[in-house]
Every structure is written in structure tokens, then in C-alpha cells.
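See structure below.
The numbers here are math on the coordinates, done by the rules we state, and not lab data. Note that this is a predicted model, so its numbers are computed, not measured. Cβ: placed from backbone, ideal geometry, glycine included. Neighbour counts: every protein chain shown.
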Amino acid sequence: MTPQASEGFENTMTTPLGRENLQSFIDTHRLNATILPMAMPTATVTDAAGALGVEPLSIIKSLVFLAENQPFLVVNSGTARVDRKKLADYLSMNRRRVKFATAEQALKITGYVVGSMPPFGHRKPLRTIVDRTAAQREEMYGGGGDIDALVKVSSEELIAVAHAEIADVSES
């Protein structure tokens, strides 16, 4: 699977994908990743960390951005915020050309509702940038396809399946 730009995402179906779709992706690609059903919603980093009893740095966020109307994914750790200037510099473009996707755009692009979005297994492969701090975590937990599910995956597995680039894109 090779990442590619998702041109024409505005016309993509909006029927949300769920944990079954993510599980199918994991099975098809023989990933060493596990979907963990939770007894409560885990749509925020705080909720997910609390449900698992882990520190927020063990939780990753999958965030959709648009650069000159081309979607891409940034995987960041815990409560860290993406520094748009660092991200724009990494992409060799002006910061004003890098925009955070709306929840509706993110759903159309990935197929997953914000708060449940996994770091892989989207409708179409996305260029993926993993923040250096997140990439250093041996084990991480991200959106599991539904707001009451998380996926457990190693950074090595995530980087490999997403063909991810590693960059310093978090605020200091």
C-alpha cells in the first residue's frame, strides 16, 4: 500500500467507518495491532488515558491537515499541540497554506469520525507525518475506529504500515 494524495475528497462518501473496518485492515495487512473495546467513550486524550490507566503521552492523536488542499495526517502524542509553523517549514510552504481540517472534512477524507480516528486504515492512504516524540514511544494507543475503542500498536508498526515520515512538528 503506497500513500497517495486524496484528490476530490469533497465528493467522498460520508458513511463513517468503524472498528470492524479497522479490524479488517489490521487483518488484511497482518499488523501486530489490537483493537481494545472500552466501557466508556475515549474521544479525548484525557478520556483514553484514564480508561487505560496510562499517561497521556502513551496516547496518540491522528489529525488531518490540508496543505494547498491536499490532505495529510499528523500523528502527535498525548496533549502535545502541532506547531503549524514547524509543520509548514517541514512541508516547505507558508504557514497560511497549512490548515487544520474541519471535522466534516476529516470524516470525508478518512472515513472516521473525529475522536475515533485511527492512525492508519483510512478510506484512502494518506501522507502521514509522525512527530518525533510520538515515534520514540515503544507502545502507543490511538483511535480504534469508534469513540469507545482504542488501537494498541507499536511506533515501529505504525511507521511501517503508514509509510510515515518522522519530523519535529510539536510545539516546544
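Any residue in segment 82-93 that is touching a residue at least 24 places away in the same chain (Cβ under 8 Å) and of a type in the set (Gly, Ala, Ser)?
no
If Lys61 passes every condition in (1) surrounded by 20 or more Cβ atoms within 10 Å (Cβ to Cβ); (2) closer than 21 Å to Lys152 by Cα; (3) touching a Leu at 6+ places or on another chain (Cβ under 9 Å); (4) not small (Gly, Ala, Ser) but one, which one does it miss?
All conditions are met except number (3).
Which of the residues that make up segment 139-168 are among the charged types (D, E, K, R) and either under 17 Å from Ile35 (Cβ atoms) or not in a strand (DSSP E or B) (or both)?
Correct list: Glu139, Asp146, Asp148, Lys152, Glu156, Glu157, Asp168.
Can you report the number of residues in segment 115-145 which are in contact with a Gly (Cβ under 8 Å, 6 or more places away or on another chain) and either surrounded by fewer than 24 Cβ atoms within 10 Å (Cβ to Cβ) or free of Cβ contacts under 8 Å to residues at least 24 places away in the same chain (or both)?
2
For the list (1) more than 16 Å from the chain's Cα centre (by Cα); (2) under 20 Å from Ser154 (Cα atoms); (3) surrounded by fewer than 15 Cβ atoms within 10 Å (Cβ to Cβ), I need the number of the one condition that Thr34 fails.
Result: Thr34 fails condition (1) only.
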